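S.K.: I'd like to ask you about the structure that follows.
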Amino acid sequence: MIVRPVFFVGLLFAVLSLCGINSSVVNAAEMKIGVMNVQKVLLDSAAGKAAKAKFESKAKELKAKFQTEENALTAMQDDIEKKSSAWSAEKKEAQVREYQKKGREFQVKTEDARFELKQLQDKELEPILKTLQTVVEGYGKQNGYTAIFDSKIGVLYNTPAIDVSVDLTKALDQAMTK
């Protein structure tokens, strides 16, 4: 007679477990998932294109600014390599020290330029990314999405049918013009 209560308790747990599994399958079926390529949205949006153009313009300007100095360093290095055998030890040392000094100065200037470009990029992208966050949240709520993921971060596969990048690019363009 002890077997019956144990059997019924076991049967009760089995039924409850199956109910729990079925309800989670039903909940999963009700989920609506979307993916977007944030980089593509940024590059395809009008604001993103403008920011990219500004960044590339500044990078080109800085590159032109440093090109003359870089060419002078290369010429100095070639000069040292070609003429050092004819120079005295003191002249060779002085030329090498001068080359190293100019090289360090050039390196500091290029690091400063990289920092300046990084700051420009951050300054240009920050308002776009903030607006994009708001756009994605609004789009997700309005269209009943449970989650929208960045396809370049952790999504190994998705069907193109759930990619909302184009819609979000349009929504970002609209939001940025306001």
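The values are calculated or read from the model by the stated rules, or taken from the named source; none is laboratory data. Please read these numbers as outputs of a predicted model, since none were measured by experiment. Cβ sites come from the backbone with ideal geometry, for glycine too, and all protein chains shown count toward neighbours.
S.K.: Hey, can you tell me all the residues within region 118-144 that are surrounded by 11 or more Cβ atoms within 10 Å (Cβ to Cβ) and either in contact with a Cys (Cβ under 7 Å, 6 or more places away or on another chain) or more than 20 Å from Leu42 (Cα to Cα) (or both)?
M.R.: Asn143
S.K.: Going through Ala53, Ala75, Ala59 one at a time, which residue ends up being closer than 30 Å to Gln100 by Cβ, modelled with pLDDT of 90 or more and exposed (fewer than 15 other Cβ atoms within 10 Å of the Cβ)?
M.R.: That would be Ala75, the only listed residue that is closer than 30 Å to Gln100 by Cβ, modelled with pLDDT of 90 or more and exposed (fewer than 15 other Cβ atoms within 10 Å of the Cβ).
S.K.: Scan region 108-117 and give yes if some residue there is surrounded by 12 or more Cβ atoms within 10 Å (Cβ to Cβ) and more than 21 Å from the chain's Cα centre (by Cα), otherwise no.
M.R.: Scanning region 108-117, I find at least one residue that is surrounded by 12 or more Cβ atoms within 10 Å (Cβ to Cβ) and more than 21 Å from the chain's Cα centre (by Cα), so the answer is yes.
S.K.: Still on this structure, please answer the following. Against the condition touching a helix residue (DSSP H, G or I) at 6+ places or on another chain (Cβ under 6 Å) and within 30 Å of Glu56 (Cβ to Cβ), how does Ala72 come out, does it pass?
M.R.: Spelling it out, it is not the case that Ala72 is touching a helix residue (DSSP H, G or I) at 6+ places or on another chain (Cβ under 6 Å) and within 30 Å of Glu56 (Cβ to Cβ).
S.K.: Next question. Among the residues of region 94-109, is any of a type outside the set (Val, Ile, Thr) and within 30 Å of Lys49 (Cβ to Cβ)?
M.R.: There is at least one residue in region 94-109 that is of a type outside the set (Val, Ile, Thr) and within 30 Å of Lys49 (Cβ to Cβ).
S.K.: Kindly indicate whether Lys63 is within 30 Å of Thr177 (Cβ to Cβ) and not aliphatic (A, V, I, L, M).
M.R.: no
S.K.: Could you list, in sequence order, the residues of region 145-174 that are aliphatic (A, V, I, L, M), surrounded by 15 or more Cβ atoms within 10 Å (Cβ to Cβ) and in a helix (DSSP H, G or I)?
M.R.: Correct list: Ile162, Leu168, Ala171, Leu172.
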